[in-house]
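Chemist: Supplied in C-alpha cells, the structure appears directly below.
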Amino acid sequence: MRFVDVLDDLPVIFKVGFELFLGGGHEVVRELVHRKKRVFLDLKFHDIPNTVARASKLATLMHVEMFSVHLAGGSMMVKAIRDVLSETSSISPKLLGVTVLTSFDDVRWAEVTKAMTGHAVETSDSVLGLAEHAVSWGVDGLICSALELPLIRKRLPKVFVVVPGIRLVASGTDDQARVMTPEMARKGGADAIVVGRPIIESNDPRLSTESILKQLAD
C-alpha cells in the first residue's frame, strides 16, 4: 500500500496481478476499493467456460473496474462471461481480452503456433485474428502490445485498447520482447497503458509516474 499512498491523488488505475493477488488475496482488492481506487484485476482467466464465468462473477462482485481473460479460451468462454456480466449490469466491469503476451517475439510465437498447428504464424496475424473475433464474441476491450496497436486501430478504430510492456526506453532489456515508450503508445492510439517496473523499481515512484503522465498528456 506504500505505492498507493505515494500515488494517492494521481489519475491512475491500480493493477492487481498474480503475484500481488496470491500474496495479499481478496483483502488487497477490497482495501483498494474501500479507498475508492480504480482497480484492474489482471489474472488472465483461461479455463473451461463455466469455471471462468463463475470466477468473473466473483471479480465483478469485488467492484473492480476491469479484469482480463485469455482470448485463447475461445468464443464459448467469452460468451459465458458476457452472460454472467449481463446479470450484474449495474456494476459490470470492463472485460479485457488478452491477445498474445508481450513476452513473445515472432521467433518464440512461431514455436508455439508450429507446435499447435504444424505451421508457424506471425505474432501480428495472431493478434489481429484474435482481436477481430473477440469483439464479436463480446469483449469490452483488448490487451495487445504497442507494436500491433496500429493494426488494431486500423481494423477496429473504436475498440478500447490497453497496452502493456511499456518501458521508458523502447528496447527489450528484460522478459518483455515487444515494448514501447508511453509517448509512442499514446501516439499509436492506446486508451490505457500498463506500467509496472519503471515505477516500482524507481527511486522516486511518484516523480516517475508524473513524468509518464506528462508524456501521455503532451
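Chemist: Which of (1) part of a helix (DSSP H, G or I); (2) modelled with pLDDT of 95 or more; (3) not charged (D, E, K, R) does residue 142 not meet, given it meets every other one?
Modeler: Result: residue 142 passes all but (1).
Chemist: Pull up the stretch 171-218, narrow it to residues that are surrounded by 18 or more Cβ atoms within 10 Å (Cβ to Cβ) and β-branched (Val, Ile, Thr), then point me to the one that is modelled with the lowest pLDDT.
Modeler: 179
Chemist: Regarding residue 158, is this residue loosely packed, with under 14 Cβ neighbours inside 10 Å, in a helix (DSSP H, G or I) and at pLDDT 85 or above?
Modeler: no
Chemist: Give the stretch 104-120 a look and list any residue that's surrounded by 14 or more Cβ atoms within 10 Å (Cβ to Cβ), modelled with pLDDT of 95 or more and part of a loop (DSSP other than H, G, I, E, B), or say none.
Modeler: Across the stretch 104-120, the qualifying residue is only 120.
Chemist: Which one of 148, 111 is acidic (Asp, Glu) and under 19 Å from the mean Cα position of the chain (by Cα)?
Modeler: The unique qualifying residue is 148.
Chemist: Right, next: What's the total number of residues in the stretch 142-155 that are of a type outside the set (D, E, K, R) and surrounded by fewer than 19 Cβ atoms within 10 Å (Cβ to Cβ)?
Modeler: 2
Chemist: Now a separate question. Determine if the stretch 18-36 includes at least one residue that is touching a Ser or Thr at 6+ places or on another chain (Cβ under 9 Å), buried (at least 21 other Cβ atoms within 10 Å of the Cβ) and without any contact (Cβ under 8 Å) to a residue 40 or more places away in the chain.
Modeler: No - not one qualifying residue is present in the stretch 18-36.
Chemist: Within the set of pairs 6 or more residues apart or between chains, which connect a residue that is surrounded by fewer than 15 Cβ atoms within 10 Å (Cβ to Cβ) inside the stretch 56-79 to a residue that is in a strand (DSSP E or B) and of a type in the set (A, V, I, L, M) with Cβ atoms less than 6 Å apart?
Modeler: 65/39
Chemist: Also: Can you name every residue in the stretch 179-218 that is within 17 Å of the chain's Cα centre (by Cα) and not β-branched (Val, Ile, Thr)?
Modeler: Result: 180, 182, 185, 186, 188, 189, 190, 191, 192, 196, 197, 198.
Chemist: Got a number for residues in the stretch 36-68 being of a type in the set (Asp, Glu) and out of contact with any Pro (no Cβ under 8 Å at 6 or more places or on another chain)?
Modeler: 2
Chemist: Related question: Within the stretch 37-51, track down each residue that is over 13 Å from residue 67 (Cβ atoms), surrounded by fewer than 16 Cβ atoms within 10 Å (Cβ to Cβ) and charged (D, E, K, R).
Modeler: Scanning the stretch 37-51 gives a single hit, 47.
The values are calculated or read from the model by the stated rules, or taken from the named source; none is laboratory data. None of the values given here were measured: they were computed from a predicted structure. Here the Cβ is made from the backbone with ideal geometry for all residues, glycine too, and neighbour counts use every protein chain on show.
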